[in-house]
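Working notes, beginning with the structure itself.
Laboratory data are not the source of any read-out in this text; all were calculated from the coordinates shown. What you are looking at is a predicted structure, and each value in this text was computed from that prediction instead of being measured. All Cβ positions, glycine included, derive from the backbone under ideal geometry; neighbour counts span all protein chains shown.
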């Protein structure tokens, strides 16, 4: 089922079919702040009022036209300007395939540099998201190249890849901040752990390496066991709560986000928005296929109730 949902996530054309079901659009708005920057800023402000920072993500990936990548770059720079104007506590996440990585690495690098430069002018930070494994090496190369010139750029590492410990150590050696996540793409077992327990074990290993460094990293998870492990390691090593942050996705475990903030931990919520929400939604469902039960029930019952309550 997970593989099927990830397959659907790569079929953007199915979005029009999905939009025929009003309830599915409501499900999408659990995970996505909306389609406009106004929607996104509203979501950020609501989180800020709870003591939670955010990272905005303009949805979209696999751009195959130079003009589209350039337009996205302009939109992201506009997002940075809007964050400053609104005075919200929020940084920005970008995907390099949005910026033309599948077209030309050098072209993508120039777009990324333009974004990072504007973010530096506005005292903001750019997190470069990690995508499918075919882009891992190129993504890290571009991040490390940018890091030699700019301090306000960081990377994402996916714990389910075998290579991730080596990548984490390389990034730390190059003074690059990391967001650690488990990974949301379907990868072959030649390069990625297939069993949850193996991914979890690697996640904890990488988390400890990151927290033991003197850089400010992000521990991105909704898994309470992983959160407890991070808390315990920080406590045992005398690592202050403000030395790192927990990150979670918009609409998932809101109770836990608020609880961690109340406990004094830095918490940041990843807030996606934009018209290209369909692939993102499919990947979120793929992370927990049991949520499909609620979707299927609504299809067959033609429910007119409010948004289904999905499991976290």
* Put a dot 7 Å past each Cα toward the Cβ at residue 49 and residue 216; how far apart are the dots in nm? -> 2.5
* Bins of 5 Å from zero: percent of alpha-carbon pairs in region 33-276 -> 1, 6, 14, 17, 21, 18, 13, 6, 2, 0, 0
* P(r) weight above 15 Å for region 109-149, C-alpha pairs, percent -> 41
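I'd like the FRET efficiency for residue 42 and residue 121, computed as 1/(1 + (r/R0)^6) with the beta carbon distance as r and R0 of 25 Å, rounded to 0.05. Please report the intermediate quantities before stating the final value.
Numbers: r = 25 Å, r/R0 = 1.00.
Computed FRET efficiency for residue 42 and residue 121: 0.50.
First check a/c for region 123-209, with a ≥ b ≥ c the square roots of the eigenvalues of its C-alpha gyration tensor; if it is under 1.5, answer rounded, and if not, answer prolate when a/b is larger than b/c or oblate otherwise. Display every interim value, and only then the final one.
Values: a/c = 2.17, a/b = 1.70, b/c = 1.28.
Prolate.
By counting other Cβ atoms within 10 Å of each Cβ, how are 216, 160 ranked from fewest to most? Don't jump to the answer; show the numbers that get you there.
Working: 216 15, 160 23.
Lowest to highest Cβ neighbour count: 216, 160.
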* Set the Förster radius R0 to 35 Å, insert the Cβ-Cβ distance between residue 163 and residue 259 as r into 1/(1 + (r/R0)^6), and round the FRET efficiency to 0.05. => 0.55
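Hey, what does the equivalent ellipsoid look like for region 152-280, semi-axes from the Cα gyration tensor as sqrt of 5 times each eigenvalue, largest first, whole Å?
Details: eigenvalues 89, 80, 45 Å².
Computed over region 152-280, the values are 21, 20, 15 Å.
Where does each of 171-178, 112-119 land if you order them by average Cβ count within 10 Å, highest first?
Highest mean packing first, the order is 112-119, 171-178.
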